[in-house]
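Shown next, in structure tokens, is the structure this report addresses.
The values are calculated or read from the model by the stated rules, or taken from the named source; none is laboratory data. Note that the coordinates shown come from a computational prediction; the quantities given were computed from them, not determined experimentally. All Cβ positions, glycine included, derive from the backbone under ideal geometry; neighbour counts span all protein chains shown.
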Amino acid sequence: MVPSHAAHTIAIVGGGAIGAALFGILVEELAADASLAAETRVVLFERSERVGPGLAYAKDDSPYVLNQSAQTMSLVPRARGHFCAWLARRGLASADARADLFCARRTFGDYVEEHFADAREKARRAGIAVSVVRDEVTALAPRRSGGTRVSTHAHAPIDADLVVLALGHLPSTRFAHLADAPGFVATPYPGDAMCARVAKDARVAVIGSGLSAIDAVLALLAAGRAAPITMASRSGLLPAVRGPLPQYTLRHVTRANVARETDHGKKPLRWTDVVRWLRAELEQFDLSLAWDRDFPAHAEPLAYYEAQVAAAEHGPRPWQAIG
């Protein structure tokens, strides 16, 4: 990732969880080489006041929890339990917790913010120049001499040798004409901001029935909304319920296979290859999967959800570990 020539600048556009995680990995790589550390400048662009939480993990009072258990979330490569250890040090989890732990999103946001602060301090000690520009990037333009010029609303342009876009999920533009319309909310994150725009006696329609839609409904109910809430989606189905996940090491769906099939990113990855790898994983480890049961083409939403809960309570559903 780091350029091979001297006196280079790396720009990270976006200071949410992705940007903060990338920054931490970059600092680790640079700090291992004193000469490279001294020659590198890292500039991170983030328009909000906090680096790390982003919209998804912002600090608010909504009852949002992580989609994944704490045991499966970490910002440090090859340190699966990093987040769990952070929770244990703060008395928020047992050091030897075995049951899946689902934390509040805002708690993970605190973890990401602290991880970024620790990485920034390590960068200072290693002599790595780091700047955080509190502004929104408005344009990226190639330079004749190489690299990219990064422009923002109010900050002077910065020339970078490498630019990494760590933007997370971009907001949908499908309903851009409704952006400022009363009664329309484009995202449920952060939950406090969403609830502030919805009158307590308003009838609410939530477009979608996935995890974000469930977050929206939970936040509205927790805020005391008594009027009907309707969820509408093409399938009408709620998300599949995850059972306990055993430790599982992928043997076919790997970065090495992706690199080989795409000639290291020069060719598109074929869907047929992905399906072939998934089938190989299932066959090699005899991971039970019933297509009619787990991925029905048509199902009554409530019955499907209840069946998913029953399957998860019955025990591990090993095939889910592949995802």
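Checked against (1) surrounded by 14 or more Cβ atoms within 10 Å (Cβ to Cβ); (2) not in a loop (DSSP other than H, G, I, E, B), A259 meets all criteria but (1). The number of residues in region 93-151 that are farther than 17 Å from A17 by Cα and in a helix (DSSP H, G or I) comes to 6.
Checked against (1) surrounded by 13 or more Cβ atoms within 10 Å (Cβ to Cβ); (2) outside the structural domain of V43 (by TED's automatic domain parsing); (3) touching a Phe, Trp or Tyr at 6+ places or on another chain (Cβ under 6 Å), A93 passes all but condition (3).
The single condition from (1) modelled with pLDDT of 85 or more; (2) more than 24 Å from V241 (Cβ to Cβ) that D96 fails is (1).
Among the listed residues A205, A216, which satisfies the condition of being touching a strand residue (DSSP E or B) at 6+ places or on another chain (Cβ under 8 Å) and either in the same structural domain as G16 (by TED's automatic domain parsing) or loosely packed, with under 14 Cβ neighbours inside 10 Å (or both)? Steps first, answer last, please.
Working: A216 fails: either in the same structural domain as G16 (by TED's automatic domain parsing) or loosely packed, with under 14 Cβ neighbours inside 10 Å (or both).
On inspection, the qualifying residue turns out to be A205.
If I filter region 136-161 down to residues being among the small types (G, A, S) and out of contact with any His (no Cβ under 9 Å at 6 or more places or on another chain), which single residue comes out as surrounded by the most Cβ atoms within 10 Å (Cβ to Cβ)?
Step one: of region 136-161, the residues among the small types (G, A, S) are 139, 141, 145-147, 151, 154, 156, 160.
Cutting the leftovers down to out of contact with any His (no Cβ under 9 Å at 6 or more places or on another chain) gives us 139, 141, 145-146, 151, 154, 156.
Working: A139: 10, A141: 10, S145: 6, G146: 10, S151: 14, A154: 9, A156: 7.
It comes out as S151.
Results for (1) under 20 Å from the mean Cα position of the chain (by Cα); (2) β-branched (V, I, T); (3) in a helix (DSSP H, G or I), shown as yes or no for each residue.
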{"residue": "A38", "(1), (2), (3)": "no, no, yes"}
{"residue": "L44", "(1), (2), (3)": "yes, no, no"}
{"residue": "V51", "(1), (2), (3)": "yes, yes, no"}
{"residue": "Q68", "(1), (2), (3)": "yes, no, no"}
{"residue": "Q71", "(1), (2), (3)": "yes, no, yes"}
{"residue": "S74", "(1), (2), (3)": "yes, no, no"}
{"residue": "P77", "(1), (2), (3)": "yes, no, no"}
{"residue": "R80", "(1), (2), (3)": "yes, no, no"}
{"residue": "F83", "(1), (2), (3)": "yes, no, yes"}
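Can you confirm whether D192 is charged (D, E, K, R) and touching a residue at least 40 places away in the same chain (Cβ under 8 Å)? Taking the combined requirement at face value, the residue satisfies it. If you check V217, V206 for being under 24 Å from P301 (Cβ atoms), part of a strand (DSSP E or B) and either at pLDDT 90 or above or out of contact with any helix residue (DSSP H, G or I) (no Cβ under 6 Å at 6 or more places or on another chain) (or both), only one passes: V206.
Identify, from the list P228, P157, the residue that is free of Cβ contacts under 8 Å to residues at least 12 places away in the same chain and more than 23 Å from S69 (Cα to Cα).
After ruling out the rest, the residue left standing is P157.
Let's see how each residue does on (1) touching a His at 6+ places or on another chain (Cβ under 8 Å); (2) under 24 Å from A193 (Cα atoms); (3) surrounded by 14 or more Cβ atoms within 10 Å (Cβ to Cβ):
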residue	(1), (2), (3)
D60	no, yes, yes
R78	no, no, no
L101	no, no, yes
A117	no, no, no
I128	no, no, yes
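The condition of being within 22 Å of I25 (Cβ to Cβ), in contact with a helix residue (DSSP H, G or I) (Cβ under 7 Å, 6 or more places away or on another chain) and buried (at least 18 other Cβ atoms within 10 Å of the Cβ) holds for only one of V164, V133, that being V164.
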